[in-house]
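As structure tokens, the structure follows; a few thoughts come after it.
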Amino acid sequence: MQNGVAADGVCSSESANGSRDVWSCKGSDSSSADHLVIMVHGILGSSSDWKFGAEQFVKRLPDKVFVHCSERNMSKLTLDGVDVMGERLAKEVLEVIQEKPNLCKISFVAHSVGGLVARYAIGRLYRPPKEEVKEDKSGDGCKEEQRGTIGGLEAMNFITVASPHLGSRGNKQVPFLFGVPAFEKAASCVIHWIFRRTGRHLFLTDDDEGKPPLLKRMLDDYDEFYFMSALRTFKRRVLYSNVAYDHIVGWRTSSIRRDSELPKCEESLNETYPHIVYEEHCKACDADQHATISIEDDGSSDKLEEELVRGLSRVSWEKIDVSFQSSRQRFAAHSVIQVKDEVMHIEGSDVIQHMIDHFLT
């Protein structure tokens with residue numbers, strides 16, 4: 001392990017395989033930190049993509065969190081498919097939990113396709129609630145609740161940042177295709193040549209053994225997969241989305257909205273979070289509430305996309321809309337919102353601060 005101590009008292013270690021752990025250097029803080037934060041990078045990414053975010057979390061919450069930046073799906077491994085990556089991430093999380101028996105809580109912070117990978121992983125890590133609440137006799141301060149857990153830990157925050165929850169096919173979901181139907185149709189046919197199995201999942205063209213697309217299957221629980229139960233068990237579900245200039249992931253797919261539901265955003269007047277332009281708390285919707293909305297009402301949508309919106313809207317979400325329109329690095333919004341590089345993308349630091357300030361510990 002390569003270990004380092006930052007000037008602000010943040011310790012970090014990087015393993016030979018690339019994983020990065022970040023915690024407080026102060027012994028009393030690190031021993032009391034019982035909240036595991038799993039940070040997941042996007043396509044062709046690495047654990048270093050969340051270096052700035054991880055250090056900020058520990059700096060601001062030194063006695064609360066232990067941060068693990070995932071490494072199991074780095075670089076070209078992100079092309080193997082959302083399900084394969086999700087299985088790897090689930091195993092990685094269990095290994096971290098086993099190594100730190102003092103952990104009681106867990107949260108996920110995921111960027112881009114990492115948000116889909118994290119959703120798959122929690123579906124594998126979910127443990128249904130036990131029938132009875134047992135008295136805590138371990139003395140470790142962790143209370144066993146009559147509700148599901150993620151890897152045996154209490155689920156707190158599930159946060160995605162510019163993640164394509166509705167997939168990436170058509171309807172301007174990938175902005176660099178300019179919304180031209182011919183380009184979007186062509187992309188769906190050839191995307192697997194570039195992004196292989198992950199591309200098929202993102203463009204909803206996968207049909208493994210005649211099954212529906214994976215993103216549709218992830219709307220429900222089945223067999224040993226608890227995709228929706230896992231999402232519900234988190235106390236918060238949060239979507240950070242770029243309003244514009246994200247040429248990789250469109251606003252609708254990252255905020256789980258129909259075209260007609262996109263808010264009219266104005267420039268932020270908040271000095272603390274200058275790039276946060278809109279915040280919305282959406283309650284869970286049932287089938288009856290969706291009945292009044294037809295596909296024809298929203299001409300930009302299609303049947304499968306509508307199913308994804310409705311399925312994911314069965315749980316509540318906090319939706320945070322971000323704009324880097326006035327930023328010099330606005331054309332790199334997909335990376336700025338994460339602060340992938342501390343020098344080039346530092347204008348997104350207020351988004352990380354907003355994330356921490358509203359984080360349930």
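The values are calculated or read from the model by the stated rules, or taken from the named source; none is laboratory data. In this text the structure is predicted, and so the values were computed from the model without any measurement. In this analysis, Cβ positions are derived from the backbone assuming ideal geometry, glycine residues included, and neighbour counts consider all displayed protein chains. Note: accessible area is taken over every heavy atom of the protein model, side chains too, but ligands, DNA and RNA are not part of it. Shrake-Rupley method; radii C 1.70, N 1.55, O 1.52, S 1.80 Å.
Summary of values
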read-out: Heavy-atom accessible surface of the range 26-119: percent carbon and sulfur, 1.4 Å; value: 51
read-out: Computed over the range 1-133, the ratio Rg/Rh where both radii use C-alpha atoms and Rh is Kirkwood; value: 0.98
read-out: Debye, to nearest 20: dipole size of the range 5-95, +1 on Lys, Arg Cβ, -1 on Asp, Glu Cβ; value: 160
read-out: Summed side-chain charge close to S163 - residues other than S163 whose Cβ falls under 13 Å, Lys, Arg +1, Asp, Glu -1; value: +3
read-out: Gap separating the Cα centres of the range 197-211 and the range 3-53, nearest whole Å; value: 33
read-out: Long-range HN-HN contacts of V277 with modeled amide H, under 5 Å; value: D321, V322, S323
read-out: ³J(HN,Hα) computed for each position of the range 241-255 - Karplus, 6.51 cos²θ - 1.76 cosθ + 1.60, integer Hz, glycine/proline x; value: 9, 7, 5, 8, 6, 8, 8, 9, 10, x, 5, 4, 5, 7, 10
read-out: Packing rank of 247-257, 215-225, 154-164, 98-108, where each peptide gets the mean count of other beta carbons within 10 Å, highest leading; value: 154-164, 247-257, 98-108, 215-225
read-out: Violating pairs (Cα-Cα greater than 26 angstrom) within the set K51/K91; K211/K319; K59/K235; value: K211/K319
read-out: Across K64/K264; K105/K340; K105/K264, pairs whose alpha-carbon gap is larger than 28 Å; value: K64/K264; K105/K264
read-out: Reachable aspartates and glutamates, given that their alpha-carbon falls under 19 Å from the alpha-carbon of K130 and they are not under 8 places away in the same chain; value: E144, E145, E154, D221, D223, E224
read-out: Potential lengthening between S316 and D208 on full extension [0.36 nm per residue; Cα-Cα distance subtracted]; value: 35.9 nm
read-out: Dimensionless Rg ratio for the range 229-271, taking C-alpha atoms and the 2.2 N^0.38 Å reference; value: 1.43
read-out: Gyration tensor (Cα) of the range 3-52, equivalent ellipsoid semi-axes in angstrom; value: 22, 13, 9
read-out: Largest-first ordering by accessible area, 1.4 Å probe, given options H275, H358; value: H358, H275
